[in-house]
Structures are given as C-alpha cells and as structure tokens.
Amino acid sequence: MSPYIPIVGLVALAVVFVWVGAIWLSPKIGPHRYNRTKYDSFECGIQPTPQTATGGGRFSVKYYITAMLFIIFDIEIVFLYPWAVAFDQLGAFAVAEMLAFIIVVFAAYTYVLRRGGLDWD
C-alpha cells in the first residue's frame, strides 16, 4: 500500500486545489464586471442565434471543413512520433514505409492547398 501514498496525496492535493482555488476562491477574489456579452454562449465566432432573414440560420461549412482538415493532418502527423522514437531500432524497410507515408501526407496537403481548402477568406 505504501507505493500508492504519493498518488493518493497528489489526488487529494488536486481536489483541494480545484475545490478551494477554482470553485470557491475564484468568485470571491475575481473581478465582478457583469455584462451580457460575458454570459453569452460562444461558438467559434459564429453567432449562436439563427439569422431569420437569410436562409433560416445555416452555418458556414468553412468552420467544419477547417476542423476536419486539422483533425486529419493532426492524426497523420501523430503517427510520426512513435517512428521517431524507435528510429535507431528500425531497419531500412521501416524507413521506406515512413517515406511512403510522408509522401502520401504531402500529396494530401498539396491537394487541399490547390483546392483552396486552406484559404481563410
């Protein structure tokens, strides 16, 4: 049981910090400037209420495409980290496979770039 005492201590310290510091003490010592904008919901720059005059409040697809592109390229790049950690233990086959993977990622990136998927305007 003794190896778990530091873990229990850290969990207790984290609970005390969250309860006392963040939940109880923060409203007491924080600034009290209440306004309507502060309590409105925020959706990545999109107004959360639909515009009744134009199209029934449809959101632009640009935000969702940007998020999907980020997720795709982020997950592809995450696969490089285990390879980089074990690079000295891998042979020439693993290097060739990673080179093929990087070429596929670069091809997808150039495709998205040429199609205008990364244009922010």
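Values quoted throughout were computed directly from the atomic coordinates according to the rules given, and no laboratory measurement underlies them. Here the structure is a predicted model, which means the values were calculated and not measured. Quick reminder, even Gly has a Cβ in these numbers, built from the backbone with ideal geometry, and neighbours come from all protein chains shown.
If I model a spin label as a point 7 Å beyond the Cα along the Cα-Cβ vector, how far apart are those points for T37 and S2 in nm?
5.9 nm
Could you calculate the contour length gain from D119 to A22, that is, 0.36 nm times the residue separation minus the distance between their Cα atoms, to one decimal place in nm?
Between D119 and A22, full extension yields 31.0 nm more.
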